[in-house]
Amino acid sequence: MAEDGIGWCQIDGMGERRPLPWAEIVAFAAHQGLDEWERGTIRALSLAYLDGLEIGADPAGVAPCAGADPAADRRALAAGIRGALRAAYQM
């Protein structure tokens with residue numbers, strides 16, 4: 001984040017990550033002129049970031065961006081890479 005921005009989460013005295021506290025969000029929002037919806041979005045993003053970290057800590061965890069058919073997602077990714085490499089080779 002930028003020096004004058006707000007972080008993704010808060011780290012407490014014991015090194016645990018916590019969602020951004022409302023007091024920090026409200027202070028940041030007042031400084032930036034953000035409305036209620038934007039404050040709520042910042043809090044929701046902080047919670048989602050922490051959820052993603054928790055999923056990532058599990059070796060068997062499924063990424064939140066994974067579709068319903070991971071095999072199809074891998075085939076689509078492979079096809080896209082193949083197409084990009086062929087296009088680069090033809091240049």
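The values are calculated or read from the model by the stated rules, or taken from the named source; none is laboratory data. This one's a predicted model, so the numbers in the text were calculated from it and none came from an experiment. Using ideal geometry, Cβ is built from the backbone for each residue, glycine included, and neighbour counts are taken over all protein chains shown. Please note that ligands, DNA and RNA were not included when accessible areas were found on the heavy atoms of the full protein model with its side chains. Shrake-Rupley method; radii C 1.70, N 1.55, O 1.52, S 1.80 Å.
Some values worked out for this structure:
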{"item": "The stretch 49-68 - residue that is assigned to a helix (DSSP H, G or I) and open to solvent by 70 Å² or more (accessible area, probe 1.4 Å) and, of those, farthest from residue 5 (Cα to Cα)", "result": "57"}
{"item": "Tally, over the stretch 13-48, of residues that are assigned to a loop (DSSP other than H, G, I, E, B) and surrounded by 10 or more Cβ atoms within 10 Å (Cβ to Cβ)", "result": "4"}
{"item": "Near pairs, Cβ below 8 angstrom, 6+ apart or cross-chain, from the stretch 7-26 (in contact (Cβ under 8 Å) with a residue 12 or more places away in the chain and closer than 16 Å to residue 42 by Cα) to any residue that is acidic (Asp, Glu) and surrounded by 14 or more Cβ atoms within 10 Å (Cβ to Cβ)", "result": "10/24"}
